[in-house]
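The values are calculated or read from the model by the stated rules, or taken from the named source; none is laboratory data. All of these numbers come straight from a predicted model, not from anything done at the bench. Cβ sites come from the backbone with ideal geometry, for glycine too, and all protein chains shown count toward neighbours.
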């Protein structure tokens, strides 16, 4: 099999901080890491590789030069090859242009490695963009069948995959022939910590850096110019000011006052 | 040609105004090299990798030139940022796209309440545009819902009723909806940001070659351009962005559940029901639906809950959730949890609220022993009313809370439960 | 503080830290309470290659030495000193084989230990023989191509989790200390069984067992380092293993300090943070200084030892002679004094720091809900095992007198 995992480097969530003075997000000095949802995608790819012999796991990302670190991190966690779409022409892409570029990259990976792509795995969404649209978008461009919100890969072979989809009201069990795409949720596995050998391999790995021209991208479909949507403006939502503090000299009094207030606000 | 943006060093005064307007914080002020012999000490630096080429800084810098009261030794200041943006010409006759559409999600032939929220907000959009409001329902044995949708405000209902739609399969729903879009050419299309909506809306957008905004929480029409302004939170609600789709139609958006009230029902309201013929034989469908397994869990799902009682690290021990469950039961709400309690294995993940858990927008959110780390706030800060119960009066949750009670939760909660029961009995 | 770690060493620290913080911290209390063996964590450590850091690449290791082992021990112990023992006990089993093993013995046992496929244990203590190993009663009687083991060993760390054991028994009781020999014993050998499991004060994630040998027959090929050389095998092993205990102690101390500082900063008394009181700051300052001094000593000694050890390991791979013999050619002096100093100092610091940590946290520090008291319980053993700190002082004192006589 040949599995391609799409990842993104995003600001590490543990470092998301709010500037107390302005109430805005502090981005300076924020450490970048693999989008946490993508860690589950990488782990699932590596687990499938451990189940199905002769499987190659490739990882692809689109982003600035420093995003190469995310690819190396993925290799240290068990992926075999990394590919980096890196070109200023990709900048400012929305989900349409991002999924277009990624799928062109995936086609190029197939061509370069000579190994036919069997499965593409994405995380459920990124923690900065939060859309969840890129995975299914890539499937649309590649004309692969896809299932999102996958919480379990029940069966996988060279030719098909059977997955469990997490729905609001239960589980859907779905089968697809390969090639196909899945987007996974965090319930699917517990990602491993990088291994020492993986880390050493990641340091030495040669990661090709491809431009828009390298992947033969249609210039009208990439970057800001190729994005149907644009950010017209952005702003910080007005911060809430602290509300009423329930007073009372004893806990009993406080409880009484709170319930009275809740009734007054018609919340009970 | 790629997009370019750069600073004309000799014109930059280092005033820092552009830093403030940049929506993605890609501009910073650096110390100007000493040898440059310019009276301004600072210089703006743009990180092109982060820049989204929105033009805000360029406009700001140009405007400053007009506004400035500082006497310049030489008028050649400001106008310091140069942007060269690649222009892609798309020729779409936007005027031929008419009407506001809402996708009516159904599960097992039952309508999901999200459609009523969509109809509520879409009604206003359709009135502003003076165009029809339509609902599209795809499913099996769903035709009977059409009148209900009309009574909730739809002028037209497109019904695609066929056994092939019995279960949600991305490919099937995508091709059906895309065919309809291409034929009917709607102007705007709203879909719920539910699991189904999030799954296939982006496939539809790409198949229909248009743009989509995910997870909108505010929607409006610009009266001049007649374009949809879709505002969505990112970074867990710390940054709001308004998104436009200028040249492609339909303008699509998914709408975060619980962001809008439900449309009111007007019994007997009249509208048009269009039964769309479905012929799956020419579709290339590869996915096979095997079966549906219902969730066994009896507890209320937090995502759609109107009331949530959440427990955090302040509980101190897993048994604390027994008290939270009891509290939730009395209030008639679902049980939520902060990440540390889920990580510690006190409660299953499906209860987790926050950046890596579920996002909720209940009417009432009671946070017990949750200090209010930013990751948690990201999942619940848009709740209508927040009640905080905590020992620490300085905790961030108190700053956000509508009502806050300081004290030991093990002391307070049983008393509150008792008090609510008393009031209920009284009624 | 920059200790100029190599790229590999830094990677070891990063990975160990990630496992410690992400995987061990959330479950350490569970294993402390239940005394279950932390198999899921051992699996994480295996997958991350952390069992193999100090083995030669010929056995599937990463080619590091004592320093690499110490880095793993320190980081894991910052989260849980008990779970860290799964690695330390395996090292204590492997070191005698690395130092004294024949090429055949090394080929047979080291790969499984390096991959973590099998865990190891080291057993020397007996009911009557603790610090005084010469009182060993367990016997190994030669019988043709075999030895027959009889007797009881106790306080064996990693007890039932291990599959390979290095064991000390008397082949000639008449010769006392000079009659003791070292052996390799595998789990499942007929006549070898587990006795009672000890209930301990600390390091409760690590099982401590009594081992019983009843006419347990092992091949003569399992003799390690020659008949009657047992004590020198033990001493040679301790020289390079004690820094591992020191690193465990250091990690425990650092872990306790980190938890304490975070709490003391948050905790308010008399309207201000506890850490804002000068008396608290002075305590914290002493704790941090002692830890850094301990770390500086540990790293310096371990790096110096590795300088010679790695060279000896390399030549031994070519010559086929035991590493210990090669070492005698290179080593300017034995390391007993310095390795004793490292173990003594780090473990005393750990005890002092963790006791102060409980004090600084006040009432909550004494509670099981809060991790600091566990650090204190775990710290105590580091002053006791692999030679009590009184024995360490004896060794250092003896070395000083010997040096004086040589001047």
### Residues located in the stretch B:379-391, provided they are facing another protein chain (nearest Cβ under 8 Å) and either surrounded by fewer than 24 Cβ atoms within 10 Å (Cβ to Cβ) or more than 24 Å from residue A:266 (Cα to Cα) (or both)
B:381, B:385
### Summary
the stretch C:165-245: strands (runs of 3 or more DSSP E) wholly inside it with 2 or more residues that are under 29 Å from residue C:343 (Cβ atoms) and in contact with a helix residue (DSSP H, G or I) (Cβ under 9 Å, 6 or more places away or on another chain) are C:180-186
### Query
On the given criteria, is residue B:367 farther than 19 Å from residue B:316 by Cα and touching a strand residue (DSSP E or B) at 6+ places or on another chain (Cβ under 7 Å)?
no
### Query
Of the numbered conditions (1) surrounded by fewer than 22 Cβ atoms within 10 Å (Cβ to Cβ); (2) without any contact (Cβ under 8 Å) to a residue 40 or more places away in the chain; (3) touching a helix residue (DSSP H, G or I) at 6+ places or on another chain (Cβ under 7 Å), residue C:398 satisfies every one except a single condition; which is it?
(3)
### Summary
Of those in the stretch A:214-226 that are within 21 Å of the chain's Cα centre (by Cα) and at the interface with chain B (Cβ under 7 Å from one of its Cβ atoms), the residue nearest to residue A:57 (Cα to Cα) is A:223
### Task
Take the residues in the stretch A:243-256 that are closer than 13 Å to residue B:389 by Cβ and surrounded by 16 or more Cβ atoms within 10 Å (Cβ to Cβ), then tell me which one is farthest from the other protein chains (Cβ to nearest Cβ).
A:248
### Task
Would you mind listing the helices (runs of 4 or more DSSP H) fully within the stretch C:1-105 where at least 2 residues are under 20 Å from residue C:237 (Cα atoms) and in contact (Cβ under 8 Å) with a residue 40 or more places away in the chain?
C:66-79, C:85-100
### Task
For the stretch A:230-240, indicate whether the set of residues that are out of contact with any strand residue (DSSP E or B) (no Cβ under 7 Å at 6 or more places or on another chain), closer than 23 Å to residue B:234 by Cα and at the interface with chain B (Cβ under 9 Å from one of its Cβ atoms) is non-empty.
yes
### Message
I'm trying to understand the selection: among the residues of the stretch A:37-69, which are closer than 17 Å to residue C:15 by Cα, in contact with a helix residue (DSSP H, G or I) (Cβ under 9 Å, 6 or more places away or on another chain) and within 14 Å of chain B (Cβ to nearest Cβ)?
### Response
A:39
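Which of the residues belonging to the stretch A:157-167 are more than 22 Å from the chain's Cα centre (by Cα) and either more than 10 Å from chain B (Cβ to nearest Cβ) or at pLDDT below 95 (or both)?
Step one: filter the stretch A:157-167 for residues more than 22 Å from the chain's Cα centre (by Cα), giving A:157-160.
Across the stretch A:157-167, the qualifying residues are A:157, A:158, A:159.
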### Query
If you go through the stretch A:190-213 one residue at a time, how many are within 14 Å of chain B (Cβ to nearest Cβ) and either closer than 30 Å to residue B:188 by Cα or assigned to a loop (DSSP other than H, G, I, E, B) (or both)?
5
### Task
Output yes when any residue across the stretch B:338-350 is more than 13 Å from chain A (Cβ to nearest Cβ), closer than 17 Å to residue A:168 by Cα and in contact (Cβ under 8 Å) with a residue 40 or more places away in the chain, and no when none is.
no
### Task
State whether one or more residues within the stretch C:43-56 are outside the structural domain of residue C:311 (by TED's automatic domain parsing), crowded, with 23+ Cβ neighbours inside 10 Å and on the phi > 0 side of the Ramachandran plot.
yes
### Condition broken by residue C:284, with the remaining ones in (1) in contact (Cβ under 8 Å) with a residue 24 or more places away in the chain; (2) at positive phi satisfied
(2)
### Summary
Listed by range, strands (runs of 3 or more DSSP E) wholly within the stretch B:263-356 having at least 1 residues that are under 25 Å from the mean Cα position of the chain (by Cα) and buried (at least 19 other Cβ atoms within 10 Å of the Cβ) are B:307-311, B:334-337
#### Entry: Condition met for residue B:222 (more than 13 Å from chain A (Cβ to nearest Cβ) and under 24 Å from residue A:97 (Cβ atoms))
no
### Task
Mind telling me which of the residues B:53, B:78, B:65 ends up being at pLDDT below 80 and touching a helix residue (DSSP H, G or I) at 6+ places or on another chain (Cβ under 6 Å)?
B:78
